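The values are calculated or read from the model by the stated rules, or taken from the named source; none is laboratory data. Not measured: the values here are computed from a predicted model. Cβ atoms come from the backbone with ideal geometry, glycine included; neighbour counts cover every protein chain shown. SASA here: full protein model, heavy atoms, side chains in, ligands and nucleic acids out. Shrake-Rupley method; radii C 1.70, N 1.55, O 1.52, S 1.80 Å.
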Amino acid sequence: MNSSVRTRAAVVGNPIAHSLSPQLHTAGWNAVNFTKIELPAAGLASFLQECDDSWAGIAVTMPLKYEAVKAADIVDGLAKAVGSANTIVFQPTGANSRLCVAFNTDVAGIVNAIRESTETVRFQRGVILGSGATASSALAAMVELGVADITVCARRAGGPNTVFAAAHRLHLDLQYLPLESIQCAQRIAESDLVISTLPAHIADPIARQLKKLSFADSAENASGTAPLAGKVLLDVIYDPSPTELMSAWESAHGTVAPGWLMLLHQAIDQARLFTGKMPDVSAMRSALRKALAERDAFRWKN
């Protein structure tokens with residue numbers, strides 16, 4: 001197996017057209033053939049078997065992050081604890097053999113996006129919106145950031161592939177509140193760190209509830225300070241335009257860590273795992289900004 005020609009990679013998932021991984025990785029480590037491949041939920045294992053020696057690895061998005069843990073030969077400890085993986089590396093083990101090793105770089109992506117966006121180094125109370133694979137990564141990220149009191153606001157409170165299963169593996173106690181309940185909005189307003197893993201527009205009702213609570217539509221509260229000053233929101237959606245939740249948060253002087261920063265930082269770790277070297281982070285950041293600007297321009301044009 002000749003590692004010098006391992007310059008192919010792909011991002012797999014369903015749907016996959018929206019992914020910006022090819023732009024990031026092509027800029028970061030000169031991948032000569034980084035493609036997007038749409039796969040069914042159970043199609044990852046067979047796809048991995050078909051990849052030849054030219055492949056460095058696979059970036060994995062939904063709904064295959066759970067499947068990645070099952071399909072890999074070896075699962076990194078963090079990915080195993082979280083229960084999902086977004087990265088598979090082809091690790092040569094001999095002249096004609098290799099292993100598929102699964103990693104989770106979403107956790108590092110979340111942590112580093114938050115750290116880049118705020119000077120706050122530790123948080124006391126946190127809220128996670130959503131309960132799926134990214135929510136599980138958000139849970140591990142909150143633990144790394146020192147959050148001791150964590151609440152999950154979601155539509156469902158159980159199931160094998162949820163943040164609650166991840167909490168069990170991590171030996172953590174979580175509080176649960178139904179999504180869109182007034183109690184959820186109140187807990188968000190009281191928290192130091194909020195991570196939304198919800199699809200586009202699902203959090204819009206929560207944003208409106210925050211405004212009704214007067215946390216988002218007034219410049220100052222009764223104490224004379226900005227109501228969300230020093231508090232951080234990460235919304236994993238990386239659309240160029242802010243979500244309604246992000247806009248509500250910023251209007252109350254809270255700090256927003258944009259989803260594109262998470263995308264960037266998780267890809268940096270992916271590229272390092274694919275190549276064994278630190279990628280060109282500046283080039284990746286520039287490529288991502290350009291891709292987002294082009295997407296925004298296309299949307300307004302059409």
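A viscosity of 0.692 mPa s and a temperature of 37 °C, combined with the Kirkwood radius over C-alpha pairs in the Stokes-Einstein formula, give the stretch 116-189 a diffusion coefficient of 263 µm²/s. Name the residue, out of 240, 40, 63, whose mean-square fluctuation peaks in a Gaussian network model built on the chain with Cα pairs under 10 Å. In this elastic network of the chain, the residue with the biggest mean-square fluctuation among 240, 40, 63 is 40. Report summary: the helix-based calculation at 222 nm, which adds -39500 (n - 2.57) for every DSSP H run with n ≥ 4 and divides by the residues of the chain, gives -12000 deg cm²/dmol.
Exposed loop sites were defined as GluC sites (Glu not before Pro) in DSSP loop states (anything but H, G, I, E or B) carrying at most 12 other C-beta atoms within 10 Å; in the chain the longest segment without such a site runs 1-118.
Can you give the relative contact order of the chain as a percent, counting alpha carbon pairs under 8 Å and 6+ residues apart? Please report the intermediate quantities before stating the final value.
Working: 615 pairs, mean separation 51.9, N = 302.
Contact order relative to length: 17 percent.
Pair-distance distribution of the stretch 86-146: all C-alpha pairs, bin width 10 Å, starting at 0; shares per bin in whole percent are 20, 39, 21, 15, 5, 0.
Count the lysine pairs in the chain that are 8 or more places apart or on different chains: how many have C-alpha atoms under 18 angstrom apart? Provide the component values of the computation, followed by the final result.
Details: 36/65; 65/80; 70/80; 211/231; 290/301.
Lysine pairs meeting the criterion: 5.
Counting only cysteine Cβ atoms and a cutoff under 4.7 Å, the chain contains unmatched residues 51, 100.
From the C-alpha gyration tensor of the stretch 20-62, pull out the three semi-axes of the equivalent ellipsoid (sqrt of 5λ each), sorted largest to smallest, in whole Å. Show your work: numbers first, answer last.
Values: eigenvalues 79, 37, 9 Å².
One finds semi-axes of 20, 14, 7 Å for the stretch 20-62.
Sorted into 5 angstrom bins from 0, the C-alpha pair distances of the stretch 50-169 split as 2, 12, 20, 20, 17, 12, 8, 5, 3, 1, 0 percent. Please name whichever of 112, 33, 17 sits farthest to the positive end of the charge dipole of the chain, dipole taken about the Cα centre and charges placed at Cβ: Lys and Arg +1, Asp and Glu -1. Of the options given, the answer is 33. Between 168, 25, 265, the GNM of the chain built on Cα springs shorter than 10 angstrom shows 168 fluctuating the most.
Given a 1.4 Å probe and heavy atoms of the protein chains only, how would you sort 253, 201, largest accessible area at the top? Please list the in-between numbers first.
Working: 253 100, 201 140 Å².
The ordering from most to least exposed comes out as 201, 253.
Legend: residues 234, 213, sorted from most to least accessible area (1.4 Å probe; ligands, DNA and RNA excluded), read 213, 234.
Once the Cα atoms are used to define both axes, helix 281-301 deviates from the longest principal axis of the chain by about 70 degrees.
A Gaussian network model of the chain, with springs between Cα atoms under 10 Å, assigns the largest mean-square fluctuation among 197, 87, 275 to 275. Using only side-chain charges placed at the Cβ, +1 for Lys and Arg and -1 for Asp and Glu, the dipole size of the chain relative to its Cα centre rounds to 260 debye.
The fraction of accessible area contributed by carbon and sulfur in the chain is 52 percent, rounded to a whole number (1.4 Å probe; ligands and nucleic acids excluded). Label positions at residue 124 and residue 250, each projected 7 Å from the Cα along the C-beta direction, are separated by 2.9 nm.
Hull volume per residue, based on the alpha-carbon atoms of the stretch 15-92 and their convex hull, is 104 Å³. When Lys and Arg each count +1 and Asp and Glu each count -1, what net charge do the other residues less than 11 Å away from residue 151, Cβ to Cβ, add up to? Summing Lys/Arg as +1 and Asp/Glu as -1 gives -1.
The Stokes-Einstein estimate for the chain, based on a Kirkwood radius over Cα pairs and taken at 37 °C with 0.692 mPa s viscosity, is a diffusion coefficient of 165 µm²/s. Dipole check for the stretch 113-258: with +1 at the C-beta of Lys and Arg, -1 at the C-beta of Asp and Glu, and the Cα centre as origin, the magnitude is about 380 Debye.
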